[in-house]
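S.K.: First the structure, then my questions, so here it is.
The values are calculated or read from the model by the stated rules, or taken from the named source; none is laboratory data. Bear in mind the structure is a predicted one, so any value in this text is a computation, not a measurement. A quick note on method: Cβ atoms are made from the backbone with ideal geometry, for glycine too, and the neighbour counts reach across all protein chains shown.
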Amino acid sequence: MRVVAVMNQKGGVGKTTTTCNLGAAFARRGTRVLVIDLDPQAHLSLHLDHDVNGGKPSIYEVLVEGLPIEQAIALTASEKLALVPAHIDLASAELELAGEIGRETILRNALAELAARDLYDLVLIDCPPSLGLLSLNGLTAADEVLIPLQAEFFALHGISRLTDVMEKLRRRLKRGPQLLGIVLCRMQATTRLAREVEEEARRHFGARVFQATIRQNVRLAEASSHGQTVFAYDAASQGAKDYAALAAEVAKCWEGAAAPASAAAAPAAPTVATAPPPSSAAGSAGGAGSAAPSAPETAPLAAAATAVPAAVPAALPAALPATAPLRPPAPRRSPRRPDASAN
Ligand SMILES: Nc1ncnc2c1ncn2[C@@H]1O[C@H](COP(=O)(O)OP(=O)(O)OP(=O)(O)O)[C@@H](O)[C@H]1O
Ligand SMILES: [Mg+2]
């Protein structure tokens, strides 16, 4: 069972659309897919037409009440695509878990039980647009991270925080998340700015940027508002073709490489809650979060990451050489204002 976190702390870049439709594309290829909605906004659940107020168990009960994750799995219209939905209650989970020991590995432990049952080949986690405890649970549970990137000003700058945290986790966990790749989303290839950001991303991240890009396509937005995957809504649309192409490219990446012994399947390292609880740091005036106004969402995750003991190793995985950290370059100021650069 492969576990992939779809993550970018920037909002509205295409995380949920990618989780839903990449999951659906893999399901169409015969892969047994589970998508997990880790965002209190519950957009992924709504995208898959789940009744979020229907009283069914959600990821909240898994994280906060210890419900086995299998009991929170909901069916979707697609036979091979299952969902663990979210609920607005999830917004309070960070506070409720503040005093819990091992709070950053709850999802990882829950997925370890699922991995043992061999019910799914691929798990995609839709992370919220923040670097708080929920995202940390997603990262800690993941073998790999897929970063949707919208081609806009400061796009690359924003992911440096995320890649920093991934590096920290890799150093401190037995198996930290690898970078699966970066996918350019909501691409408007006709604009000069989009082309410049794409060039910059490819120059810096090279082969880690997928060739397949997800173009701006209204069918993708319409599909979500109809509670359908783009394949159910309009299988002939450009959006459906783009996600099918992305799935093919990702599958090719994995070809020949055995599915990792999932991070979730690794024995959970006991954790020591030495750092201040992420939620209290973020929530209280004068806490750690307010000490760094330029990067308020970084502090909680960085603090939580340090709470994970260095169960292992000095050495980073070979695929991510320590000498080539994943920091994107500082953004080059464009000679044009972003909104003036469109053709
Ligand atoms: N390729 C696309 N073409 C057109 N619309 C898109 C595309 N991708 C996403 N959208 C739309 O853009 C909006 C934001 O997308 P999405 O919800 O996937 O982003 P997100 O990163 O999950 O946002 P958040 O950070 O709030 O969770 C949605 O209305 C979605 O329908
Ligand atoms: Mg989302």
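S.K.: Got a sec? Which helices (runs of 4 or more DSSP H) wholly within the stretch 1-76 have at least 3 residues that are of a type outside the set (A, V, I, L, M), surrounded by 24 or more Cβ atoms within 10 Å (Cβ to Cβ) and within 14 Å of ligand 1 (Cβ to nearest atom)?
M.R.: In the stretch 1-76, the matching helices (runs of 4 or more DSSP H) lie at 15-28.
S.K.: Please go through the stretch 100-111 and give me each residue that is of a type in the set (A, V, I, L, M) and under 18 Å from the mean Cα position of the chain (by Cα), ordered by number.
M.R.: ILE106, LEU107, ALA110, LEU111 - these are the residues of the stretch 100-111 that are of a type in the set (A, V, I, L, M) and under 18 Å from the mean Cα position of the chain (by Cα).
S.K.: On the basis of being among the polar types (S, T, N, Q), in contact with a Lys or Arg (Cβ under 9 Å, 6 or more places away or on another chain) and within 16 Å of ligand 2 (Cβ to nearest atom), does ASN21 make the cut?
M.R.: No, not satisfied.
S.K.: What residue, of LEU97, LEU90, is crowded, with 17+ Cβ neighbours inside 10 Å, under 18 Å from ALA141 (Cα atoms) and over 20 Å from the mean Cα position of the chain (by Cα)?
M.R.: LEU97
S.K.: Here is a follow-up. Quick one: ALA91 ticks every box in (1) farther than 28 Å from GLN238 by Cβ; (2) modelled with pLDDT under 95; (3) more than 16 Å from ligand 1 (Cβ to nearest atom); (4) of a type in the set (A, V, I, L, M, F, W, C) except a single one, so which number is it?
M.R.: Every listed condition holds for ALA91 apart from (3).
S.K.: Being touching a Gly at 6+ places or on another chain (Cβ under 9 Å), part of a helix (DSSP H, G or I) and among the basic types (Lys, Arg) is the filter here, so list the residues in the stretch 215-248 that pass it.
M.R.: Residue satisfying the conditions is ARG219 alone.
S.K.: So which residues in the stretch 68-84 are acidic (Asp, Glu) and closer than 18 Å to ALA116 by Cα, if there are any at all?
M.R.: Result: GLU70, single match.
S.K.: While we're here: Quick test for you: out of ILE147, ILE214, pick the one residue that is under 12 Å from the mean Cα position of the chain (by Cα) and not acidic (Asp, Glu).
M.R.: ILE147
S.K.: Would you mind listing the helices (runs of 4 or more DSSP H) fully within the stretch 107-214 where at least 3 residues are more than 16 Å from ligand 2 (Cβ to nearest atom), of a type in the set (Lys, Arg) and surrounded by fewer than 22 Cβ atoms within 10 Å (Cβ to Cβ)?
M.R.: Once the helices (runs of 4 or more DSSP H) in the stretch 107-214 are filtered for at least 3 residues that are more than 16 Å from ligand 2 (Cβ to nearest atom), of a type in the set (Lys, Arg) and surrounded by fewer than 22 Cβ atoms within 10 Å (Cβ to Cβ), what remains is 155-172, 192-205.
S.K.: Right, GLY158: of a type outside the set (Phe, Trp, Tyr), at pLDDT below 80 and under 18 Å from THR18 (Cβ atoms) or not?
M.R.: yes
S.K.: Which residue is farthest from ligand 1 (Cβ to nearest atom), if the candidates are limited to the stretch 196-230 and must be in contact with a strand residue (DSSP E or B) (Cβ under 6 Å, 6 or more places away or on another chain) and under 30 Å from LEU46 (Cα atoms)?
M.R.: Here the residue is VAL209.
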